[in-house]
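Notes follow once the structure below has been shown.
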Amino acid sequence: MSSVDVKEEILCTKNLSKEFNGVWVLNGINFNLKKGEIHSIVGENGAGKSTFIKILSGVYPPSKGEISISGDKVFLNNVKESEKLGIRTVHQEINLIPFFNVQENIFIGEELEKKVMGISILDQKKSAEAAKKALNTLGVELNLSEYAHKLDTSMRRIVQVCKVLVGKCKVIIFDEPTTTLGSSERKRLLDVILNLKKQDIGIIFISHNIDEVLEISDRITVFRDGENMGTMVREDATVRMIISQMIGHKSYVDFYRKPVFDKDKTVFKVEGLTNTKLTDINLKVYKGEVLGIAGIVGSGKTELARAIFGIDSIKSGNFYINEKRYEPKPDSSVKQGIALVPEERHEQGLVLNMNIEKNISLAYLDQSCRSNVIDFKIEKNIAEKLIEYLKIKTTGSFQIVRYLSGGNQQKVVIGRWLSGDFSLGIFDEPTKGIDIKAKDDIYHQIDKLSHEGKGIIFISSFLPELMNISDRILVMRDGKIVSEFDPRKNTETEIMIAMLGGDNDK
């Protein structure tokens, strides 16, 4: 029996559910948290963790169910109400103002004031005392006058925690707090969280890192497909037990492709790629191969795609396309035969207020031109052929992209590259946020490209689809490639253990 079982329950949810457009993303969640307890929630992407946090934080109202704090039923209609009741969240993103000092950042939105001659001004003395008290609670020394941009990542995270502590605080939710931290910084933050536990604060800890979950938790709850799959005390938990509950028996079996790659012909190779996010990356992509890249949020998957295409600067590394060396820069990468379908189609892949024709022609404008002037008839013909080929549901090539469904928008991004020619296609989360039919269409398109002899890098957070579409899978963690798997020989559990940093023997 865990030592926290006898302690006072400070938060409880009963049958908590959330529905969006007829889809129940959270269904009947029963969960409780006690004083001085670290209760971790784990689950795959899309398991419902973020929705649950947003309901507790007051961002979303629940569709059904109850929330109680210290035995009293409460209604959290907005973030302010949640904070007033003592629920505070340390979000994954670090949002500090770089040229404000530590003290100023701690009190943004929570400013302490005093009256001088009837005028309200900041009470610097009282603020400094409260900030020092919060730092003492965490067991950390920090210069309150230091500017935020001069702090390392772990200390910026600690400033975030201080922002939470200076307000009324019964429950702290940590949402993936160690994602961007190195090993020493991670240890420092975990020590801080353990110190908070000693203050009788209830802590909900969300993390993909199973090892750190097992290190600091009192209890662990697994979410899958919007449901609570069960809670276990740390003493009874193992890596394999947790992952087994996370993935269940589900698999994606609607699409399966046979290998067609030629291991004697290399389409792409990189040696020693290093930058601020990646360390000594070495990989090859063979002709006709689909190389899957797996990893949790913050593992470096997207940063790898950006570095190969030349969006992010590099410190070192040698890059080869069709055995010819090239320097990664977006314009030269396109000319060398590299295509990139980015993770965020709205922000990075499309000009939403332009029509389909204009979006498709962006990568290879020269082929729509006569004498360096765009020929709109050629541009229209190219777009119409791709609309038919990719089965894009639209009123016509002049339709504004903003008004297409997510799946059809993604097809426009892919169509842009199909309008020209490339040797290496990088697909970063290409099925994110689209329906099953659109996913199936994209899988078949990837298969066609591999049969044409193109090399494909397929990046995804959804392991079942990687298992079915990839010839090989590389696992990334903390900006490094840590493992290589054969999806026809290795299991989903083995790959997920590598992704989450667990030990196969645990």
Requested in this report: Confirm whether Lys489 is assigned to a loop (DSSP other than H, G, I, E, B) and either more than 24 Å from the chain's Cα centre (by Cα) or outside the structural domain of Ala237 (by TED's automatic domain parsing) (or both).
Outcome: yes
The residue that is surrounded by the most Cβ atoms within 10 Å (Cβ to Cβ), considering only those in the stretch 208-223 that are β-branched (Val, Ile, Thr) and part of a helix (DSSP H, G or I), is Ile210
Q.
Just to be sure before I move on: is Ile247 aliphatic (A, V, I, L, M) and either modelled with pLDDT of 85 or more or within 21 Å of Lys34 (Cβ to Cβ) (or both) in the structure I sent?
A. no
Just checking, does the stretch 273-289 include any residue being buried (at least 17 other Cβ atoms within 10 Å of the Cβ), assigned to a strand (DSSP E or B) and either of a type in the set (Val, Ile, Thr) or outside the structural domain of Gly455 (by TED's automatic domain parsing) (or both)?
yes
Going through (1) among the small types (Gly, Ala, Ser); (2) within 18 Å of Phe458 (Cβ to Cβ); (3) surrounded by fewer than 22 Cβ atoms within 10 Å (Cβ to Cβ); (4) out of contact with any Leu (no Cβ under 7 Å at 6 or more places or on another chain) one by one, Gly295 fails only at (3)
key: Hey, Val239 touching a helix residue (DSSP H, G or I) at 6+ places or on another chain (Cβ under 6 Å), modelled with pLDDT under 95 and under 30 Å from Asp441 (Cα atoms) or not   = no
Here, strands (runs of 3 or more DSSP E) confined to the stretch 57-176 with at least 2 residues that are crowded, with 19+ Cβ neighbours inside 10 Å and of a type outside the set (D, E, K, R) are 64-69, 87-90, 171-175
Picked from the stretch 319-350 (must be loosely packed, with under 15 Cβ neighbours inside 10 Å and under 17 Å from Ser419 (Cα atoms)), the residue modelled with the lowest pLDDT is Asp331
Screening Leu500, Leu463, Leu424 for residues that are modelled with pLDDT under 90 and touching a strand residue (DSSP E or B) at 6+ places or on another chain (Cβ under 8 Å) leaves only Leu463
Practice problem: Could you please let me know if Phe462 is under 14 Å from Ala294 (Cβ atoms), among the aromatic types (Phe, Trp, Tyr) and surrounded by 23 or more Cβ atoms within 10 Å (Cβ to Cβ)? | Solution: no
Listed by first then second residue, the pairs whose first member lies in the stretch 86-106 and is among the hydroxyl-bearing types (Ser, Thr, Tyr), whose partner is part of a loop (DSSP other than H, G, I, E, B), with beta carbons under 8 Å and at least 6 positions apart or on separate chains, are Thr89/Ser57
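The values are calculated or read from the model by the stated rules, or taken from the named source; none is laboratory data. Since we're looking at a predicted model, the values are computed, not measured. Cβ coordinates were reconstructed from backbone atoms using ideal geometry, including for glycine residues, and neighbour counts include every protein chain displayed.
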